[in-house]
Amino acid sequence: MKGDIKEMSHAQPMIEVSGLNKQFRTPVVKEGRFAGLRTLFTREYRMKEAVKDISFTIHKGDFVGYIGPNGAGKSTTIKMLTGILHPSSGEVKINGVNPHQQRRQVAKRLGVVFGQRSQLWWDLPVKDSYDILAHMYKVTAQDKEKRLKELGELLVLKEFWLTPVRKLSLGQRMRADIAASMLHDPDVLFLDEPTIGLDVTAKRSIRGFLKKLNSEYGKTILLTTHDMDDIEQLCERVMVINHGELSYEGSIENLRDRIGLPTLIRVTFNGAYQLPVPDGLVLPIEVALDADHTFRIVEANNREVHIEANRQQVKAMDILRLISGWGEVADIHMEEPDFEDVIHRVY
Amino acid sequence: MSIKYWLDLYAVLIRSSIRSRMQYKLNFMLGTVLAAVIQIAEFLMIAIVLNKFGAVKGWSLYEVGYLFAVMTLSKTLYRTFASDVHHLENYLTTGELDQLLTRPVPILMALMSQNIRLMPGELLQGGAILYWSMHGLMSSGQIHWIALPYTVFVIFTGAIILFSIGLATATVGFWITRINELQTLTEDAAQTAVRYPLILYPSWLRSILLVVIPVGFVNYVPSLFILRGEYGSWLVYGIAPLAGLFLYLGLKFWKFGLTRYQSTGS
C-alpha cells in the first residue's frame, strides 16, 4: 500500500499556493523626542502590497525558478511559503500541510537557504552546526555520518570542517549552508539567491550540486535568483513576479517565444552585394519577405549585413533564400536572443 | 515529541551558546566584572540615602535591602534564561528571526537558547544583599527560618512575572519594531521603582505598578507577609497562579504577535 503511494507520487502536488496576498502595514515613523512611544500610538500607516493574488502549484520533483526585479515580492513569497511570514489572505500547503498553522511540522520536511545570511552558528566550527542541526531534526548518528560523507564529497566540506563559520569565504559558507539544509533529507528545498556574490567556479559547483539533488535525489526545488544562467541551466519552469503579481508561468522556451525577441542574423558576403532597398535610405529598415511578413536590416557595411528577424513569425530559411539573391554569401552567423534580454523585457 | 527530546535539545543549544560566548573570553569576563561593580554601586546609593534618613515610611534598611535583593535575583533569573527575548529588537531590525522561524523548534525556545547570559556578578551581589538583610531581620527576630523557602519561591514567581512583562513588551516590537524606549518604561524604570517600598509612591503610581505593569508582585506584595506578617500566607501562594496568568497572557500575545512579523527586505 505504501509502495503504491510512492509510485503515484510523481505528479503529486508538493507546493500549493492559492490566492496569496501580503500587505505590509507600517506605521509612519515619528521623529524627535519619545519617537518610539509616539510611533506606538500613531494612527498613520503606510500600506504596501507586496504580493497580490498569487496562485501556483509545484509538483514533486520539479525544479522551478522564481524570478523578478528587486522588490517585486520574491522574498516575501518565499517567506510565506516557509512559514516565516503570515499571508494577509490566501493559503499555502506544503505537502498538504499549512505552514502557518503547523509551522514546526512543515519545517521538519523543509530545507531553506538564504544566500544573504547564514543559517549556521556564526562563532562555532562548521562541524558543530551540523551536530546541533542533527539533534534538532532528530537525525540519527548513522544517517548523519552517511549524509555528511556524501555531502562532504559533493560540496568539498572537509577543507573548512573545523573553521568557525564567521571565517569562511562566501563560497565556502554557501556550500556549508546548502549542506546544512540537506542534512535532514527534506522533501522540498527553498533557495533564496543561493549564488549571490559568488565567483564563476563557486557558482558552477553549486549549480552542479543542485542539479544532482533534483535529478538524482528527486528533490523539489524552488529557486530565486538574479542570475539568469542559474535559471537557464537548472530550471524546467520559471515563474516571473513583477509588482507583486505573477506575470508569467511556464517553460523557459515559451517565455522566450512569448516575448518574441528578434534573432540576430549576421551575413558576410563575398565581394559586392545589392540590398533590395533604394540607396541613401537610413537603416534600420523593414523589408518585406512576403505579403504578410517582414524583417529588419539594422546595419550594413561593405561586407556584412545585420538582420533582425522574429523567428516566431518568419522562417530563417526563407530569409536565407532571399538573402542569397543579394550577392554571394560567404558566412552566416545567427544569435539567439540572450536570456537576460528576454527577462529584461518581461520586467 | 517527548520531553526528553526537548530537554536534550535545549541542553545542546545552551552548550553551543556558551561555547560561542566563550570565543570572546575577555569580553565575557570584563562584562561580568563591570556588571557586578554597577550593581554594587546602585545599592550603595540606596544605602547611603537610607542611612542618612533612617527608615522610609516605616521600612528599615534591611527591609529595603530585601526588596532590592529579591528584585535583583528575579531579574537575574529572567535575564539569564531569556536574554534574547529582551533583545528581540535586534532580531526584528536585522530580520534574523527568519532563521529561527525555519527551524522545527518553538520560537521562544530557539530565542531563549540563543544567547544564554551567565550573570555571576548580579547573582553574587543579589545573594550577598539578601543574606545581609535576612540575617539582620532574623537577628532582630522579625522573621524566622520559614521566610527562606518563601523567599526562594517568590524569586521564581518574580522571574516568571518579569519574563511575562518582558515578553509582552517585546511582542509590541512586531508592530513597531523599535522597542527600546518602551522597554525603558515597562522594564527598567518599573523594576527600579519597586526596589523601594511601593508605599512611597502616590496611589495612582502604585496602581500602575500593580495592575498595568505588575512588577509590584515580584517583591513588594509578598514581602508584606514574609517580612511583616500582614494579610496572610495566601498572599505569597496567591502569586503563583497570578504569575501563571501573566505568563499565559504574555504567551497568547506573543503567539499573536508572531503572525504579524514583517521580516526585512533582502
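Nothing in this text is a laboratory measurement; each read-out follows from the coordinates by a stated rule. These numbers were taken from a predicted model, which means no experiment stands behind them. Backbone-built Cβ (ideal geometry, glycine too); neighbour counts: all protein chains shown.
Summary table below
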quantity: Protection proxy ranking, peptides B:167-178, B:106-117, average beta carbon neighbours within 10 Å, highest first; calculated: B:167-178, B:106-117
quantity: Ranked packing of A:288-299, A:241-252, most packed first, by mean Cβ within 10 Å; calculated: A:241-252, A:288-299
quantity: Using alpha-carbon coordinates, inclination of helix B:61-81 to the longest axis of chain B, degrees; calculated: 10
quantity: Per-residue Cβ neighbour rank within 10 angstrom, fewest leading, A:LEU110, B:LEU92; calculated: B:LEU92, A:LEU110
quantity: Lysines with Cα under 17 Å of A:LYS52, excluding same-chain neighbours fewer than 8 positions away; calculated: A:LYS22, A:LYS74, A:LYS79
quantity: Two-decimal log10 I(q)/I(0) for the range A:274-347, as the Debye equation yields it once each C-alpha is a single scatterer, q = 0.12, 0.14, 0.16, 0.27 Å⁻¹; calculated: -0.38, -0.51, -0.65, -1.49
quantity: Relative counts (whole %) of C-alpha pair distances in chain A, using bins that are 20 Å wide; calculated: 24, 43, 26, 7, 0
quantity: Value in Å of the Kirkwood radius, where the range B:3-258 supplies the Cα pairs that are averaged; calculated: 19.3
quantity: Rounded, prolate or oblate (a/c below 1.5 giving rounded, otherwise prolate when a/b exceeds b/c) for the range B:4-53 by Cα gyration tensor; calculated: oblate
quantity: Residue of A:ILE221, A:ILE206, A:ILE307 that the Gaussian network model of chain A assigns the largest fluctuation, springs spanning Cα pairs under 10 Å; calculated: A:ILE307
quantity: Mean projected area (nm²) of the alpha-carbon convex hull when the protein assembly as shown is viewed from all directions; calculated: 39.3
quantity: Mean-position separation - Cα centroids, the range A:207-273 and the range A:45-105, in angstrom; calculated: 22
quantity: Separation between Cα centres of the range B:172-214 and the range A:295-347, rounded to whole Å; calculated: 75
quantity: 12 Å beta-carbon shell around A:TYR137, net charge (K/R +1, D/E -1); calculated: +4
quantity: Under 5 Å, built H, 5+ apart or other chain: amide partners of A:THR220; calculated: A:GLY61, A:LEU189
quantity: Residue of A:PRO125, A:PRO276, A:PRO186 that the Gaussian network model of chain A assigns the largest fluctuation, springs spanning Cα pairs under 10 Å; calculated: A:PRO276
quantity: Binned Cα-Cα distance frequencies in the range A:196-347 - 5 Å width, integer %; calculated: 2, 7, 15, 15, 13, 11, 10, 9, 8, 6, 2, 1, 0
quantity: Per-residue Cβ neighbour rank within 10 angstrom, fewest leading, B:TYR10, A:TYR137; calculated: B:TYR10, A:TYR137
quantity: Residues A:HIS293 and B:TYR201, FRET efficiency given R0 of 56 Å [Cβ-Cβ distance, rounded to 0.05]; calculated: 0.05
